[in-house]
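The values are calculated or read from the model by the stated rules, or taken from the named source; none is laboratory data. All of these numbers come straight from a predicted model, not from anything done at the bench. Here the Cβ positions follow ideal geometry from the backbone for every residue, glycine too, while neighbour counts run over all protein chains shown.
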Amino acid sequence: MNLLFKKGCLIALLLFSQVLLAQLKTYSFEEIDSLSIQKPIVVFLHTNWCKHCKTMQKETFTNKAVIKELNNNYFYIPLDAEYKETILFNEKKYHYATNPRKGKVHELAEELGSHLNRIKYPSIIVLNRKKEVVHTYRSRLKPKGLLRLLNDIKLNEAL
């Protein structure tokens, strides 16, 4: 009985460690500014009310291959476009703003995610090591689609 209990505990520990290892590491813009290492940045621009955003959170960003790629090669930042706190990034302060024409949106979300003065959710925004936007994808992506996108960007852009 004691041996069976030990084996059960060992199996549970191994399974739990696999779950921990498969966690997507998220960063804040402030954290990235303070780090000495530089990596490209993947920003997931979303809102709490966007059903496609929620689907990506559940399916794409829990996929083991996506987690491995993002954790190894990028800083990953989920950015709620309606986040109400001030964000300091690249020595500039960004605030939550109410604009009569655009509604309520965070200035950083607007700066990173706007195309033709419109934001679409979800969006994947890739910044290079200099924190310059090199690619924006403005739609829902499944895991294979995100991995293909990141691979294409690595091949074609100076990250």
- Task: Name every residue in region 34-72 that is touching an Asp or Glu at 6+ places or on another chain (Cβ under 8 Å) and either within 19 Å of Lys144 (Cα to Cα) or surrounded by 14 or more Cβ atoms within 10 Å (Cβ to Cβ) (or both), in order of residue number.
- Result: His46, Thr47
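Can you tell me how many residues within region 149-159 are closer than 24 Å to Thr47 by Cα and surrounded by fewer than 17 Cβ atoms within 10 Å (Cβ to Cβ)?
The number of residues fulfilling the criteria is 1.
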- From the list Thr55, Thr98, which one is under 20 Å from Arg138 (Cβ atoms), hydroxyl-bearing (Ser, Thr, Tyr) and not in a loop (DSSP other than H, G, I, E, B)? Thr55
- Task: Restricting attention to region 58-80, report how many residues are among the aromatic types (Phe, Trp, Tyr) and in a helix (DSSP H, G or I).
- Result: 0
- Note on the structure: Of the residues in region 114-137 that are at pLDDT 95 or above and more than 18 Å from Pro40 (Cα to Cα), the one that is surrounded by the fewest Cβ atoms within 10 Å (Cβ to Cβ) is Tyr121
- Message: Looking only at residues that are of a type in the set (S, T, N, Q) and under 19 Å from Leu150 (Cβ atoms) in region 19-33, which one is farthest from the chain's Cα centre (by Cα)?
- Response: Gln23
- Note on the structure: Checked region 92-110 for anything in contact (Cβ under 8 Å) with a residue 24 or more places away in the chain and either small (Gly, Ala, Ser) or under 22 Å from Ile37 (Cα atoms) (or both); matches are Ala109
- Query: For region 111-133, what are the residues that are more than 15 Å from the chain's Cα centre (by Cα), touching a residue at least 24 places away in the same chain (Cβ under 8 Å) and farther than 17 Å from Asp33 by Cα?
  - Reply: Ile119
- Of all residues in region 101-143, which are part of a strand (DSSP E or B), within 18 Å of Thr55 (Cβ to Cβ) and of a type in the set (Ser, Thr, Tyr)? Ser123, Tyr137
- Could you please find all residues in region 114-137 being hydroxyl-bearing (Ser, Thr, Tyr), more than 15 Å from Glu157 (Cα to Cα) and in contact with a helix residue (DSSP H, G or I) (Cβ under 7 Å, 6 or more places away or on another chain)? Tyr121, Ser123
- Query: What pairs come up if the first residue lies in region 38-66 and is farther than 28 Å from Asn90 by Cβ, the second is part of a loop (DSSP other than H, G, I, E, B), and their beta carbons are under 6 Å apart, counting only those six or more places apart or on different chains?
  - Reply: His52/Pro122; His52/Arg140; Lys64/Ala22
